[in-house]
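Everything below concerns the one structure shown next.
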Amino acid sequence: MLPQEIIRKKRNGEALDAAEIQFFVDGLSDGSIAAEQVSALAMAVYFQSMDFAETAELTRAMARSGNVIDWAGEGIEGLAVDKHSTGGVGDKVSLILAPLVAACGTYVPMISGRGLGHTGGTLDKLDSIPGYNTAPGLEAFKRVVASVGCAIIGQTPELAPADRRFYAIRDVTASVESVPLITASILSKKISAGLCGLVMDIKTGSGAFMETEADALDLARSIINTAVEAGLPARAVITDMSEVLGRNAGNALEVRETIDFLTGAWRDDRLHEVVFALAAEMLALAGIEEDRQAAQSLLQAALDQGRATRVFADMVSALGGPADLVERLDDYLPPAPAVRPVFLDGEGYIATIDVRRVGNAIVALGGGRKRVEDRIDHSVGLTDIAGTGARIDSHTPIAHVHARDEAGAKAVSESLRRAFMLTEEQQELKPVICKTAAPVPSS
């Protein structure tokens, strides 16, 4: 087969057969298909899409491109569950959720990714912790999950290697927002992790790849259908991303907010609601607690008793990070040289936020990638980000910029001001949980 013929076929809107998809995935894995050809096919799929059969075949092929973990040998078969988010700004949910759910009796083998486009990546956040190894190898990953209860790492060379390369190329070629490619990327990683259940956090709003709720539901149906076809029980929660989740955005800054949440130093209400909604679904899939109210009581107890914090600290230490990170945050997390407040000229209530612009501001600071090879500055980002409904005047900042230098802080401040729109009257706030049940798979 010739890669250009597969590209041409999809460009013309034709369905690819199993052999063509397998050929493409093999070429992703061994590098025999060039990056520009991968980019071309990704863009063809973006415009022409894939039907359910193609998406399921791509998912299976990428999952089979490496090993699939069997947890039976580790004694935790039937208890390995995970969550995946479609990406947002300030979304540090995974860092909180994995230790919290593990503290309630499940196991969370979480294969995460780096930032895509304007959204932050879980691995980039963890990389801000000195020594934390996001690529420990498959055996170490299994050992940490079994002993600690959770581990958050990137794709090892053994797990879905075809997706790892595809993911990086999509990030820098404007082909992220494709339902079949998002579906196959997410599920190939999760299937390779040997899960017994998966909960999807599908974002909608100005900071999400699926900006409308209808698009978010389409993605949810695609993921549920494909997961069922692959034998993986899955549920979906549609959550709002029309404002930043939490009050910090940027890698080290989100680690700090995570630890504040776990220890109870400070918890953002919307972040709390999203974490608990997803965690309750995970406990139900693992058979720990089917009743959502009872599950939330278990979760709150795990926070109040400090068990979730201990699991987080144990995970960090087991994966090479400092054992006293929680107690000595300031000694380990890198500070930005320039920290400046950002003010608006007018006054009123925040009506809307262009969250994509906020995310792009963090990328401009160096907290995200414009090219695959770009290095991340883990110290930069935003703190004290105002939410919708907040009262703002010329003395109340909409955020604090953490930048490499004064010039960077000034440039991003100008862009950030354009992301916030004010109104004279306070408007009704959007709920952060749009839908709490998984969509019924389409026929």
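Numbers at a glance
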item	result
So Ala216, is it in contact with a strand residue (DSSP E or B) (Cβ under 7 Å, 6 or more places away or on another chain) and among the hydrophobic types (A, V, I, L, M, F, W, C)	yes
Residue count for segment 10-40, restricted to those that are of a type in the set (D, E, K, R) and part of a loop (DSSP other than H, G, I, E, B)	2
Given (1) under 17 Å from the mean Cα position of the chain (by Cα); (2) assigned to a helix (DSSP H, G or I); (3) modelled with pLDDT under 95, index of the condition Phe209 fails	(2)
Which listed residue, of Arg267, Arg292, is more than 28 Å from Tyr132 (Cα to Cα) and open to solvent by 30 Å² or more (accessible area, probe 1.4 Å)	Arg292
Segment 198-222: number of residues that are more than 26 Å from Val358 (Cβ to Cβ) and either open to solvent by 10 Å² or more (accessible area, probe 1.4 Å) or in contact with a Ser or Thr (Cβ under 9 Å, 6 or more places away or on another chain) (or both)	2
Hits in segment 2-26 - residues which are closer than 19 Å to Ser175 by Cα, without any contact (Cβ under 8 Å) to a residue 60 or more places away in the chain and surrounded by 17 or more Cβ atoms within 10 Å (Cβ to Cβ)	Pro3, Ile6, Ile7, Lys9, Lys10, Leu16, Ile21, Phe24
Single condition Phe141 does not satisfy, out of (1) open to solvent by 20 Å² or more (accessible area, probe 1.4 Å); (2) under 23 Å from Gly66 (Cα atoms)	(1)
Failed condition for Asn251, given (1) closer than 14 Å to Leu97 by Cβ; (2) within 18 Å of the chain's Cα centre (by Cα)	(1)
Test for Val148: is it open to solvent by 20 Å² or more (accessible area, probe 1.4 Å), at pLDDT 95 or above and touching a helix residue (DSSP H, G or I) at 6+ places or on another chain (Cβ under 9 Å)	yes
Answer from Arg356, Arg340, Arg371, Arg375 - the residue that is of a type in the set (Lys, Arg), over 21 Å from the mean Cα position of the chain (by Cα) and open to solvent by 20 Å² or more (accessible area, probe 1.4 Å)	Arg340
Residues (in a loop (DSSP other than H, G, I, E, B) and either in contact with a His (Cβ under 9 Å, 6 or more places away or on another chain) or open to solvent by less than 30 Å² (accessible area, probe 1.4 Å) (or both)) located in segment 156-172	Thr156, Leu159, Ala160
Members of segment 128-158 found to be polar (S, T, N, Q), over 19 Å from Asp377 (Cα atoms) and within 19 Å of the chain's Cα centre (by Cα), listed by number	Gln155, Thr156
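The values are calculated or read from the model by the stated rules, or taken from the named source; none is laboratory data. The structure displayed is predicted, hence computed values, not measured ones. Heads up, the Cβs are rebuilt from the backbone with ideal geometry, glycines too, and the neighbour counts pull from every protein chain shown. Surface accessibility is based on the protein's heavy atoms, side chains included, excluding ligands, DNA and RNA. Shrake-Rupley method; radii C 1.70, N 1.55, O 1.52, S 1.80 Å.
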